[in-house]
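One structure is given below, encoded as structure tokens.
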Amino acid sequence: MRKKILRSAHLAMIVMVAIVGAHTRLYALDSNNRYLAYGIGERTCEDYVKFRERRLVTLEQKQPRFTQDELYDIVNRIVEQWIAGFLTAHNLYVSDTYNVAGKSSMEDIKGRLETACRANGKEFFAEAMISVVQQLNSQRISVDPGK
């Protein structure tokens, strides 16, 4: 009985998402074509380039608990987790997408982000990530290869 209810709820959710999805754009924006990015996404591309070049002023100041290399490693892990979260959300919300990154490594994606950010340092990091995802889309994996 419980399985039937769960199946019905699941089916209703799929139908609702399909109906809503048919009437919305690819990216969910407000009426002014804007959105809110969290975390690293709200930083500028200039900051990302400085980080990649190991020139972040805040990390250059002496820290009592960590070496400079440790601080850059911590920030690198935070950046990678933000990228992974963005990719995961994209995979979840975009149809025909199991893995938008395809066979690209995290280092490849960070390199693409750096290239995009160098081209437009004033844009937000989230915007550069959107550009990179659009580049990656042609090589995406559409369906779970294990199924």
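The values are calculated or read from the model by the stated rules, or taken from the named source; none is laboratory data. The model shown is predicted, which means the values in this text are computed figures rather than measured ones. Cβ: placed from backbone, ideal geometry, glycine included. Neighbour counts: every protein chain shown. Quick note on the areas: whole protein, heavy atoms, side chains included, nothing else; ligands and nucleic acids left out. Shrake-Rupley method; radii C 1.70, N 1.55, O 1.52, S 1.80 Å.
Find the relative contact order for the stretch 29-106 and round it to a whole percent, using C-alpha pairs within less than 8 Å whose residues are 6+ positions apart.
Once normalised by length, the contact order is 19 percent.
Nearest 0.05, what FRET efficiency do M106 and Q63 give at R0 = 35 Å with Cβ-Cβ as r?
0.85
Pull up the cross-link candidates among the aspartates and glutamates for K122, meaning alpha carbon to alpha carbon under 12 Å and not fewer than 8 places away within one chain.
Partners within reach: E42, E46, D47.
Can you send over the solvent-accessible area of E127, 1.4 Å probe, protein chains only, in Å² to the nearest 10?
Here the accessible area works out near 70 Å².
Quick one: how many Å² of T67 are accessible to a 1.4 Å probe, rounded to 10?
T67 has an accessible surface of roughly 80 Å² with all protein chains in place.
Between E42 and Y72, how many nm apart are label points set 7 Å from Cα along the C-beta direction?
2.7 nm
For the stretch 32-78, which whole-number percentage of the solvent-accessible area (1.4 Å probe, protein heavy atoms only) is attributable to carbon and sulfur atoms? Kindly include the intermediate steps, with their values, before the conclusion.
Values: 1840 of 3630 Å².
Its accessible area is 51 percent carbon and sulfur atoms.
Please work out how much length the chain gains when fully extended from K147 to Y93, using 0.36 nm per residue of separation minus the C-alpha to C-alpha distance, in nm with one decimal.
17.5 nm
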